[in-house]
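First the structure, in the form of structure tokens, and then the observations on it.
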Amino acid sequence: MRLPSLTALKSFNAAAELLSFKEAAAQLSVTPAALSFQIRQLEEALGCELFIRKTRQITLSAEGALIQADIKEGFEHFERALWRLQQRQQRRSLNVSCGPTFTANWLSPRLHRFLLLQPTLDTRISASLALVDLRYEDVDVALRFSSPEQPGCRVVKLTDDYLVPMCSPELLNSKGPLLTPHDLSRHTLIHSESGSTRHKLENWQSWLIKAGAPEIDAEKTGLHFDVADHALNAAVAGAGVVLGREVLAQRDLEAGRLVRPFDLRIKTIFAFYAVVLEERAEEPAIAAFLHWLQEEVKLLGS
């Protein structure tokens with residue numbers, strides 16, 4: 001179906017919102033006759049009446065009510081897109097969406113180096129795990145623990161991640177030795193269920209089986225958290241042994257707040273990626289941020 005003119009749709013949208021041709025015409029700065037003409041043209045194109053016209057009043061017909069909400073939403077999308085363009089033209093900005101734990105433990109400690117390279121760039125970080133639509137939301141770059149399949153996007157791999165048992169050094173030294181995986185039966189197992197549930201990661205039971213200690217029932221007792229940060233913090237406090245993701249625990253491991261009692265670690269099926277719209281990947285602010293991320297990843301391996 002060929003779309004009617006935007007002028008006709010805009011006239012319908014205003015009249016449907018105000019339920020007055022006169023007020024809609026004033027809002028659009030046209031004459032009532034011109035607005036009525038546009039709506040008549042739209043009705044002829046669609047083959048139905050969109051309004052029930054009375055002497056001093058108009059109401060939406062069933063057909064008009066059927067399309068009104070979607071047309072209104074369409075114009076709201078237009079306005080949002082133009083607003084985003086205007087904002088980008090008025091200031092150099094970069095809006096990044098990133099998971100809260102990855103923001104706190106990986107991104108935030110490094111961002112000062114990016115700001116040294118881009119001191120005039122207004123950089124904004126939104127810590128959220130919510131799905132974002134890069135075409136319609138005010139987000140330029142999304143950092144996500146996900147798969148690389150993102151249609152229409154350029155996906156830059158940052159780093160792999162691994163599941164590994166971790167605990168505080170105090171727990172390791174004071175609550176019984178952790179010389180073999182079998183020793184975990186004497187300790188509280190901490191479960192970080194945010195990633196395990198959302199991304200179908202392997203859990204404590206699968207790690208114990210691979211470690212040769214299938215007799216330990218990981219689900220029998222323990223602590224369960226739905227936020228990775230909370231599970232790591234509990235382990236730092238000595239509450240038990242967490243099966244955590246190394247990238248998210250990197251700062252605690254480097255600072256000695258957490259230690260790895262065993263060498264066995266399981267590579268996760270997903271990795272951390274930077275995701276941007278393909279057609280926007282070469283915009284200066286986005287390209288600079290992607291380049292900086294890749295350089296930071298190289299520092300990890302040096």
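For Tyr162, the residues whose modelled amide H falls within less than 5 Å of its own, excluding neighbours fewer than 5 places apart on the same chain, are Glu246, Val247, Thr268. The 3J(HN,Hα) values that the Karplus relation (6.51, -1.76, 1.60; θ = phi - 60°) gives for region 9-25 are, in residue order, 5, 5, 5, 4, 4, 5, 5, 5, 6, 9, 6, 7, 5, 5, 5, 5, 5 Hz. Gly and Pro appear as x. Taking only Cα atoms and a 10 Å spring cutoff, compute GNM fluctuations for the chain and point out the largest among Leu35, Leu107, Leu85. Its mean-square fluctuation being the largest, the pick is Leu35. Per the Debye formula on identical point scatterers at the alpha carbon atoms of region 161-268, with no solvent, log10 I(q)/I(0) at q = 0.24 Å⁻¹ is -1.55. Across region 256-272, coupling constants 3J(HN,Hα) worked out from phi with the 6.51/-1.76/1.60 Karplus curve, θ = phi - 60°, read x, 6, 10, 10, 9, x, 10, 7, 5, 9, 10, 5, 6, 6, 10, 9, 8 Hz, and Gly and Pro carry x.
Within the straight-line cut-off of under 13 Å between alpha carbons, the aspartates and glutamates reachable from Lys267 are Asp160, Asp161, Glu202, Glu246, sequence neighbours fewer than 8 places apart in one chain being disregarded. How much of the pair distance distribution for region 6-89 lies past 21 Å, counting alpha-carbon pairs only, in percent? Result: 29 percent of Cα pairs exceed 21 Å. Here Ser146 and Thr120 are evaluated by their C-beta separation; at R0 = 25 Å the FRET efficiency comes out at 0.20.
Taking the longest Cα principal axis of the chain as reference, the axis of helix 62-90 is set at about 60 degrees. Cα centroids of region 51-108 and region 2-36: 20 Å apart.
Among the GluC sites (Glu not before Pro) in region 205-302, which ones are in a DSSP loop with at most 13 other Cβ atoms within 10 Å of the Cβ? Mind listing them? Passing sites in region 205-302 are Glu215, Glu219, Glu282. Our compactness index for region 34-154, the C-alpha radius of gyration over the empirical 2.2 N^0.38 Å, is 1.65.
Beyond 28 Å in Cα-Cα separation lie the following of the pairs Lys157/Lys220; Lys22/Lys72; Lys10/Lys54: Lys157/Lys220.
Roughly what percent of Cα-Cα pairs across the chain reach past 30 Å?
I get 53 percent for the Cα pairs in the chain exceeding 30 Å.
Here, each number is a calculation from the coordinates, and none is a lab measurement. Fair warning: this is a prediction, and the values are worked out from it, not measured in the lab. Because the Cβ atoms are built from the backbone with ideal geometry, glycine has one as well, and the counts that use them run over all protein chains shown.
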